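Remarks on the structure that follows.
What follows is calculated from the coordinates using simple rules that are stated; it is not laboratory data. On a predicted model such as this, the values are computed, not experimentally measured, just so you know. Cβ sites come from the backbone with ideal geometry, for glycine too, and all protein chains shown count toward neighbours.
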Amino acid sequence: MQADSQETKLAEIEIRIEASPETIFPFFTDPEKMKQWKGVEATLDPRPGGIYRVNVTGGDIARGEYVEIVPHSKVVFTWGWEGGGTPLPPGASTVEITLTPDGSTTILRLRHMGLTEEQATEHARGWDHYLPRLAAVAAGNDPGPDPWVRPAAAS
């Protein structure tokens, strides 16, 4: 049987962070903390129906809305890209973040759902770039400048 070309895929990534869920959680809900690991500007209203908008690189803007917020353990928001002609418009996919304490560390599990196979591969690459930056900043380290940010946006 041939697979349906509209079958959705997901990008799934798990990372261990040297910080508590209480420390990590605000990096998904506080605009200033978000910009420390991902984005040059952020507008976040962390409540169901509230806006999630992050200018990730100075030109690529992710937008959606928060769906579920469980303090210190879970954040769910829709995701897509602003701009005409994008194959993934704002709100077209869903990102689920869970934070599970494990001793003095936290296991962060990210599931990005509702993607095509190509989009899942592209977004996994993006999350593989940004989650280690989150791990660094949540552990109290400087992740350094983001090489994906466009030079004009960094100034």
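Apply the Karplus curve 6.51 cos²θ - 1.76 cosθ + 1.60, θ = phi - 60°, to the phi angles in region 101-113 and return the couplings in whole Hz, x for Gly and Pro.
Result, rounded to whole Hz: x, 9, x, 8, 10, 10, 9, 9, 10, 10, 10, 10, 10.
Most mobile of PRO101, PRO87, PRO132 per a Gaussian network model of the chain (Cα springs, under 10 Å)?
Ranking PRO101, PRO87, PRO132 by mean-square fluctuation puts PRO87 first.
Using amide H atoms built in the peptide plane, which far-off residues or other-chain residues are under 5 Å from ILE61 H to H?
Result for ILE61 returns VAL56, GLU82.
May I ask you to evaluate 6.51 cos²θ - 1.76 cosθ + 1.60, the Karplus curve with θ = phi - 60°, for each residue of region 32-40 and list the ³J(HN,Hα) values in order in whole Hz, giving x for glycine and proline?
Taking θ as phi minus 60°, the curve returns 5, 6, 4, 5, 5, 10, 8, x, 9 Hz for region 32-40.
Using mean Cβ contacts within 10 Å as the protection proxy, how do 136-145, 109-118 order, highest first?
Averaged packing, sorted descending, gives the order 109-118, 136-145.
Considering the alpha-carbon set of region 9-141 alone, what are its Rg and its Dmax in angstrom?
Looking at region 9-141, its Cα Rg and Dmax stand at 13.7, 45 Å.
Going by amide H atoms built from the backbone, whose H comes under 5 Å of the H on LEU115, apart from near neighbours?
Those lying under 5 Å, H to H, from LEU115 are LYS9.
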